Amino acid sequence: MGSSPLPEWASEPCIMGIDEAGRGPVLGPMVYGCLYCARSFQKTLASLNFADSKTLKEEKREELFEKLKADSSLGWEVDVIDPRELSAKMLQRVKINLNEISHNSAIGLVSRVLNMGVLLTEVYVDTVGDAEKYRIKLSERFPGVNFVVAKKADSLYPVVSGASIVAKVTRDRALRDWILDESADNMHRNFGSGYPGDPGTKAWLDHHMHPVFGFPTLVRFSWGTCTPYFKDIVEVIWESDKLEEDGSNSNGGKRQLKLSNVGFTRNKKKSEDIESSGKGRCKFFQARKLELVANF
């Protein structure tokens, strides 16, 4: 996703800002956004009244986003990280923490813009973790680019403020237009802000927790907020692909894993291994690797 074909000014030395939206919520995607322009446009950029998106009302953010989209002197890109991807990476056997996911997203945006042919010379990034270590990591990956990594960069550098608006509006629209995969009759969209401390979000989680299927896919079930809900969940067994195993086993490379092995339930009851081909089954069950229980 981006603003337009490569403009002529992209061959001049350019600057870019990177920021995220939705790092803390238990619901919805995390979005990384970037804004880039010619370095010669930097003074004009400061006059566009971009600000940290968290300090702006939604209407103002929407207005500024439409304004920067229409400005041929600016380019932008986003990386929308689905809540299912976040949870899967944070709970897989070789875990990827949120900081690393964030770093990889920012690196991906820099790579994408460079590969488009934009002559990036300076990139300003709102830090995740230790700022100096992050700067060194980015500099080693992109030795031809000067990186400035700072706390509250979205309030210090207009180009990062613009990236903050890109990320925040993209996430807001994604939530607003989110189509729930699940189709239960009693589901609704009154999930509040999505932050763990929001009473509306807590009420939504309470209402939408299923003892077998867990939460709707909108929920980042790897978040600590979700842990208390799993104490009474029904134990489920799934099949692990051979590629996810550290080595072979006597079951032809396949092994059954309990949800308790990856932190989903505290139920210690023993269960037998279950095999199922899954042919012709609903994609809902296949996507979640749920198997048919033959013996109780």
30 Å Cα-Cα threshold exceeded, pairs from Lys67/Lys137; Lys43/Lys151; Lys133/Lys168: Lys67/Lys137
Exposure of Asp172 as accessible area (Å², to 10), given a probe of 1.4 Å and all protein chains: 30
Extended-chain gain in nm, criterion 0.36 nm per residue less alpha-carbon gap, Asp232 and Ala88: 49.7 nm
Separation in nanometres of the label points that stand 7 Å from Cα toward Cβ, at Lys60 and Asn97: 3.5
Simple spin-label estimate for Asn49 and Met116 in nanometres, 7 Å along Cα-Cβ: 2.6
Arg173 accessible area, 1.4 Å probe, all protein chains in place, Å² to nearest 10: 60
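The values are calculated or read from the model by the stated rules, or taken from the named source; none is laboratory data. Keep in mind it's a predicted model, so treat the numbers as computed, not measured. Virtual Cβ from ideal backbone geometry, glycine too; neighbours counted across all protein chains shown. These area figures cover heavy atoms from the full protein model, side chains too; ligands, DNA and RNA do not enter into them. Shrake-Rupley method; radii C 1.70, N 1.55, O 1.52, S 1.80 Å.
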